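Visitor: The structure that follows is given in the form of structure tokens.
The values are calculated or read from the model by the stated rules, or taken from the named source; none is laboratory data. What you are looking at is a predicted structure, and each value in this text was computed from that prediction instead of being measured. Counting neighbours? That spans all protein chains shown, and the Cβs are built from the backbone with ideal geometry, glycine included. Side chains included, ligands, DNA and RNA excluded: accessible areas come from the protein's heavy atoms. Shrake-Rupley method; radii C 1.70, N 1.55, O 1.52, S 1.80 Å.
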Amino acid sequence: MSAQRPRVFSGIQPSGSTHLGNYLGALRNWTALQHEMDSVYCIVDLHALTLPKQPGEVRLDTMSMARMLLAVGLDPEVCTLFVQSHVHEHAELGWIMQCLAGFGELRRMTQFKDKSERLGGVGDGDNGGPNASVSAGLFTYPALQAADVLLYDTDVVPVGDDQRQHIELTRDLALRLNSRFGENTVVVPEHRIPPAGARVMNLQYPEQKMSKSVGSDAGTIEVLDEPRKIEKKIKRAVTDNDGEVRFDPVHKPGVSNLLSILAAATGDDPEKLAPQYTQYGPLKTDTAAAVIDLLAPVQKRYSDLSDGDVTDALGIGADKASAVARVVMQRIRTAIGLLSPAP
Ligand code: TYM
């Protein structure tokens, strides 16, 4: 990795599938940025453990996510692509960041509130009752996320809009670490949220973001969905009854979401696209065609890749990532003043 170019870091959870929101909000930008900046991308398998998993599930999901990241165009020779648990400094710095983060600031994280509510809410969780499934890890997750970023002296974090609050917390924790232990202990990063595609909404519930865990299959376009399935989902997307095509996310969330998807897929502007349509039908047809064209090359590459290609890429990535993380972690240990082990 070069010391001159600004460094980019971002992560994605291995959750068994990748949807259009992940692609437009994050992965597409990762692919472009790898040629401009020193880019480090991580499959955050430790984060995936915050929700209950079956034995072996995370391993399979990590392999398919890595394959997806190669299919979207990440080049392991150009960027650093690796699995979080392969670089043990993430867990180590994660603990330090948990000790630096306040209970109150973690409690304000909207993703924790949403996810814990979906799991049945936070109560005592006594006797393995319904609340036991809200793990402590789900609560402290943003501290581990901060560690991910800070371990690589990251300048820029490209993410979708839903991660804005976590990256703001990362900045706060970086500033706190520096003020307690020395000005240049860690680099304070900035987020980069793309102008188009930063918030792709669910096609059936357009007030909610497209997500791996929320809503029906009909509302989520998977990157690997067949063209006919994509067409069907977009044709059935919820709009409204007034028949007017206008970009107005507050009053017309369904139609605006389709315009945003079309704009993100074609490199256009949703406000400029709106006047070109007088009916919902043609807007849906064009949006489906644009999404199908956008995803076709990714689908082809995904099916061409072998498990060997994936493990080779991850091996190279773990070595490159470890080399950086080891140095940064040592700097943080020294700044904090942890006793070094005997040589
Ligand atoms: P995750 O796995 O939920 O999502 C990966 C990326 O996809 C973006 N994204 C979206 N963008 C637009 N519209 C949507 N509907 C949509 N849904 C998801 C996310 O913003 C993200 O950029 N906590 C993170 C993973 C993480 C991380 C990190 C990210 C762990 N450590 C360090 C950045 C830096 C997460 O769960 O993303």
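Visitor: Would it be correct to say that K212 is on the phi < 0 side of the Ramachandran plot, loosely packed, with under 15 Cβ neighbours inside 10 Å and not small (G, A, S)?
Guide: No: the conditions fail for K212.
Visitor: Please verify whether segment 54-64 includes one or more residues that are of a type outside the set (A, V, I, L, M), out of contact with any Gly (no Cβ under 7 Å at 6 or more places or on another chain) and open to solvent by less than 10 Å² (accessible area, probe 1.4 Å).
Guide: Within segment 54-64, none of the residues are of a type outside the set (A, V, I, L, M), out of contact with any Gly (no Cβ under 7 Å at 6 or more places or on another chain) and open to solvent by less than 10 Å² (accessible area, probe 1.4 Å).
Visitor: Specify which of the listed residues (G94, G11, G73) is within 30 Å of I234 (Cβ to Cβ), within 13 Å of the ligand (Cβ to nearest atom), touching a helix residue (DSSP H, G or I) at 6+ places or on another chain (Cβ under 7 Å) and among the small types (G, A, S).
Guide: The unique qualifying residue is G11.
Visitor: Residue by residue through segment 321-336, note down the ones that are touching a helix residue (DSSP H, G or I) at 6+ places or on another chain (Cβ under 8 Å) and of a type outside the set (S, T, N, Q). Can you show your working first?
Guide: First, pick out the residues of segment 321-336 that are touching a helix residue (DSSP H, G or I) at 6+ places or on another chain (Cβ under 8 Å): 321-322, 325-326, 328-329, 332, 335-336.
If the condition is that a residue be touching a helix residue (DSSP H, G or I) at 6+ places or on another chain (Cβ under 8 Å) and of a type outside the set (S, T, N, Q), then A321, A325, R326, V328, M329, I332, A335, I336 are the ones that fit.
Visitor: Among E183, E168, E190, which is the only one that is over 18 Å from A335 (Cα atoms), among the acidic types (D, E) and free of Cβ contacts under 8 Å to residues at least 24 places away in the same chain?
Guide: Going through E183, E168, E190 in turn, just one is over 18 Å from A335 (Cα atoms), among the acidic types (D, E) and free of Cβ contacts under 8 Å to residues at least 24 places away in the same chain: E168.
Visitor: Is at least one residue of segment 60-67 within 12 Å of the ligand (Cβ to nearest atom) and modelled with pLDDT under 95?
Guide: no
Visitor: Please specify each residue of segment 14-48 satisfying the condition of being among the small types (G, A, S), more than 9 Å from the ligand (Cβ to nearest atom) and part of a loop (DSSP other than H, G, I, E, B).
Guide: Answer for segment 14-48, where residues must be among the small types (G, A, S), more than 9 Å from the ligand (Cβ to nearest atom) and part of a loop (DSSP other than H, G, I, E, B): G16, S17.
Visitor: Considering only segment 233-343, give the helices (runs of 4 or more DSSP H) lying wholly within it that have at least 3 residues that are at pLDDT 95 or above and surrounded by 15 or more Cβ atoms within 10 Å (Cβ to Cβ).
Guide: Details: elements: 253-266, 270-273, 280-304, 307-336.
Here the list reads 253-266, 280-304, 307-336.
Visitor: Then there's this: So which residues in segment 143-163 are more than 6 Å from the ligand (Cβ to nearest atom), farther than 15 Å from V200 by Cβ and in a helix (DSSP H, G or I)?
Guide: Of everything in segment 143-163, those that are more than 6 Å from the ligand (Cβ to nearest atom), farther than 15 Å from V200 by Cβ and in a helix (DSSP H, G or I) turn out to be A143, L144, A146, A147, L150.
Visitor: May I pose another question? Between D148, D153, which is open to solvent by less than 10 Å² (accessible area, probe 1.4 Å) and within 24 Å of D45 (Cβ to Cβ)?
Guide: Just one listed residue meets the conditions, D148.
Visitor: Considering only segment 197-210, I want to know if a residue exists there that is in a loop (DSSP other than H, G, I, E, B), closer than 17 Å to T287 by Cβ, of a type in the set (S, T, N, Q) and within 9 Å of the ligand (Cβ to nearest atom).
Guide: Yes: one or more hits.
Visitor: Which of the residues spanning segment 29-53 are of a type in the set (D, E) and either buried (at least 22 other Cβ atoms within 10 Å of the Cβ) or not assigned by TED's automatic domain parsing to the domain that holds G16 (or both)?
Guide: The answer is D38, and nothing else.
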